[in-house]
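Read-outs: derived from the displayed coordinates by stated rules, not from any lab. Quick caveat, the model's predicted, so the values are computed rather than measured. As a convention, Cβ positions derive from the backbone with ideal geometry for all residues, glycine included, and neighbour counts pool all protein chains shown.
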Amino acid sequence: MLQLYAVPQFPEGVFQQGGAPPHYGNIVREFPDTTFPQRWIGKGTVMAWPPRPPDITPLDFYLWGYVKQHVYSERINDINHLK
């Protein structure tokens, strides 16, 4: 998903990786290391980010509100309408 959709849209952006243990494995870190050299935030990187930081992250601040706005923008009447 990242390779096909996200990276082509944000080639100059900064990638933020969570500090969860599955995100810290070498095989998982290879992708941002090669795609976003010196431009990704995560545990043990140049731009360090603590696991479960106490402050609100950009994803919490923007993305979930955006998704919620679109999910609840139209009232669903029945299962067929939902499908």
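Observations
- Residue pairs whose Cβ atoms lie under 9 Å apart, sitting 6 or more positions apart in sequence or on different chains, and linking a residue in the range 61-83 that is assigned to a loop (DSSP other than H, G, I, E, B) to a partner that is exposed (fewer than 10 other Cβ atoms within 10 Å of the Cβ), are Glu74/His81; Arg75/His81; Ile76/Leu82.
- Positions within the range 1-25 being under 13 Å from Thr45 (Cβ atoms) and not aromatic (Phe, Trp, Tyr), in sequence order: Val14, Gln16, Gln17, Gly18, Gly19, His23
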